[in-house]
Amino acid sequence: MAGAHSYGEYTTHLRELTADVASGRSVLHHRLLASVDGEASEQLRRLVPLDYRRQVGAFFTPAPLKQRVSDLLRSRGSSERYLDPTCGSGDLLLAASHALPIRESLKETLEEWTYRLHGWDINSEFVEAARHRLFIAALLRHGWDGQKRKRWPVADISAYFTNVVTKDGLEALKEQEAFVGHIVLNPPFHVVSSPLSRPWTTRPTSAAALFTHQAAHHLADGSYLTAILPDVLRSGSRYSSWRTQVDKILRRCSLDTYGQFDEHADVDVFLLDAKVTRQNPFQTSSEWWDSGDSAEVSFRSVNDFFSVRVGTVVDNRDPLDGPEYPFARARDLPSSGEISTPTRRRKFSRRVFEPPFVLVRRTSRPSTSQNQPRLSGVLVTGDGPVAVDNHLIVASPRDGSLKSCRTLLEVLSSRTTSEWLDNRIRCRHLTVGAVREIPWLV
């Protein structure tokens, strides 16, 4: 594709690197190591425009995540075959190769890896890079240090890794033939419209949701799926139906809330490891943010004491008509504490809120400090109705008391709530459902 064409500069570098080794020329060992580590991602950021990378979701797997996947695959033991339907430049295939054995000769290893490693990507430049990187990984596993001045004992490089090809992974996953083995997946995260999402929504949805659902369907019973996915799929209320659909096919073996993808992509991700069990009548029914403890913990939640909903004013869209009210906007509020009545005013003809109530900002980053709470609230104590912007969540006490509101401020700012939320929802857009479920531990 045109947007990724400039990545051909790095592919040419890899091609020249393997050609140097093949012809017996010395190659610095660190160049070989860099080519199978973080260099491919660095070159992607340098060569391919950010707008295009966002458009198609081209963000290669960072080294720590690749290592996490590699450790998981090796702990399970080698699979017969591995497939990455969005392989990019091959980071997860490299992770899978760590779980594969090497044979007596380099040629035998390449032949076996060629059979067992499969990858698809719509960008031919990425695919060629992946094939060269897998060659280099095999060399390094055989102890090649780049200084051996003899010809590489492989006559035709193009004869290997022929199952790593240019192909639309989503379209290919729709094929009926079941894949026996292990799918590894770091899909694009951008939002798309597709008829493939109809089992859970008719609205635009995450491409990661589409790829995961199709990958699960593509796998044969008893096969495995390991996927790096945006946290909104694990914790977002709009993906509840998607999780139900996936649970009909997959039995979750582990679910690891990893954190931010990397320093260049500000999105939190989790690592899903699951087994296809279509014939298993005892499907998992627990929510994906459960801790996994077998004992049920019974507690009261914010919802028991407060009515929680999103503010009703869409400021840049709703007309200025109806009665004039004090108007609460996130950007005008203090970070925490109490106010009487917002000073900004606005005409509004729909639902307003009677104080006292607590306002919570809808944007919330996972905790990065033991001393900094993830949430804080602002108590509005005035004596007249207030219009509230839809970037705020409104918690109105069921008993109408200031005391309940002040107790909620303590609950929201507690370390216990921060830790609970970090497990429950790590995406930046806080949901009403998550606020309602916060444990009322006072």
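The values are calculated or read from the model by the stated rules, or taken from the named source; none is laboratory data. Because the structure is a prediction, the values reported are computed rather than measured. No Cβ is skipped: glycine too gets one built from the backbone with ideal geometry, and neighbour counts run over all protein chains shown.
Restricting attention to region 196-235, the residues that are part of a loop (DSSP other than H, G, I, E, B), in contact with a His (Cβ under 8 Å, 6 or more places away or on another chain) and small (Gly, Ala, Ser) total 1. May I ask you to list the residues in region 226-265 that are in contact (Cβ under 8 Å) with a residue 40 or more places away in the chain and among the acidic types (Asp, Glu)? Correct list: Asp231, Asp256, Asp262.
Would you be able to say whether some residue in region 143-151 is modelled with pLDDT of 95 or more and either part of a loop (DSSP other than H, G, I, E, B) or assigned by TED's automatic domain parsing to the domain that holds Tyr239 (or both)? Show your work before the answer.
Quick first cut of region 143-151, residues modelled with pLDDT of 95 or more only: none.
Within region 143-151 (the criterion being modelled with pLDDT of 95 or more and either part of a loop (DSSP other than H, G, I, E, B) or assigned by TED's automatic domain parsing to the domain that holds Tyr239 (or both)), the answer is no, since none of the residues qualifies.
Taken over region 71-91, the residue count meeting the criterion of being free of Cβ contacts under 8 Å to residues at least 12 places away in the same chain and either surrounded by 24 or more Cβ atoms within 10 Å (Cβ to Cβ) or over 29 Å from Arg53 (Cβ atoms) (or both) is 1. When you go through (1) without any contact (Cβ under 8 Å) to a residue 24 or more places away in the chain; (2) in a loop (DSSP other than H, G, I, E, B) one by one for Pro187, which number turns out not to apply? That leaves (1) as the condition not met.
Restricting attention to region 1-27, report how many residues are farther than 24 Å from Ala95 by Cβ and either outside the structural domain of Gln55 (by TED's automatic domain parsing) or of a type outside the set (Ser, Thr, Tyr) (or both).
Of the residues in region 1-27, 12 are farther than 24 Å from Ala95 by Cβ and either outside the structural domain of Gln55 (by TED's automatic domain parsing) or of a type outside the set (Ser, Thr, Tyr) (or both).
Output yes when any residue across region 26-42 is out of contact with any Gly (no Cβ under 9 Å at 6 or more places or on another chain), surrounded by fewer than 19 Cβ atoms within 10 Å (Cβ to Cβ), in a helix (DSSP H, G or I) and among the basic types (Lys, Arg), and no when none is. Within region 26-42, not a single residue is out of contact with any Gly (no Cβ under 9 Å at 6 or more places or on another chain), surrounded by fewer than 19 Cβ atoms within 10 Å (Cβ to Cβ), in a helix (DSSP H, G or I) and among the basic types (Lys, Arg). Taking region 173-224, which residues are farther than 26 Å from Gln67 by Cβ and small (Gly, Ala, Ser)? Result: Ala178, Ser193, Ser194, Ser197, Ala220, Gly222.
Given the residues Thr341, Thr417, which is the only one that is closer than 23 Å to Leu255 by Cα and either in contact (Cβ under 8 Å) with a residue 24 or more places away in the chain or not basic (Lys, Arg) (or both)? Explain how you work it out, then say what you get.
Values: Thr341 fails: closer than 23 Å to Leu255 by Cα.
That would be Thr417, the only listed residue that is closer than 23 Å to Leu255 by Cα and either in contact (Cβ under 8 Å) with a residue 24 or more places away in the chain or not basic (Lys, Arg) (or both).
Answer yes or no: is there a residue in region 174-186 that is over 17 Å from Asp84 (Cβ atoms) and surrounded by 15 or more Cβ atoms within 10 Å (Cβ to Cβ). Among the residues of region 174-186, not one is over 17 Å from Asp84 (Cβ atoms) and surrounded by 15 or more Cβ atoms within 10 Å (Cβ to Cβ), which makes the answer no. Before we move on, is His213 more than 16 Å from the chain's Cα centre (by Cα) and either surrounded by 20 or more Cβ atoms within 10 Å (Cβ to Cβ) or among the acidic types (Asp, Glu) (or both)? The answer is no for His213.
Of everything in region 328-341 that is under 22 Å from Arg398 (Cα atoms) and surrounded by 14 or more Cβ atoms within 10 Å (Cβ to Cβ), the residue that is farthest from the chain's Cα centre (by Cα) is Thr341.
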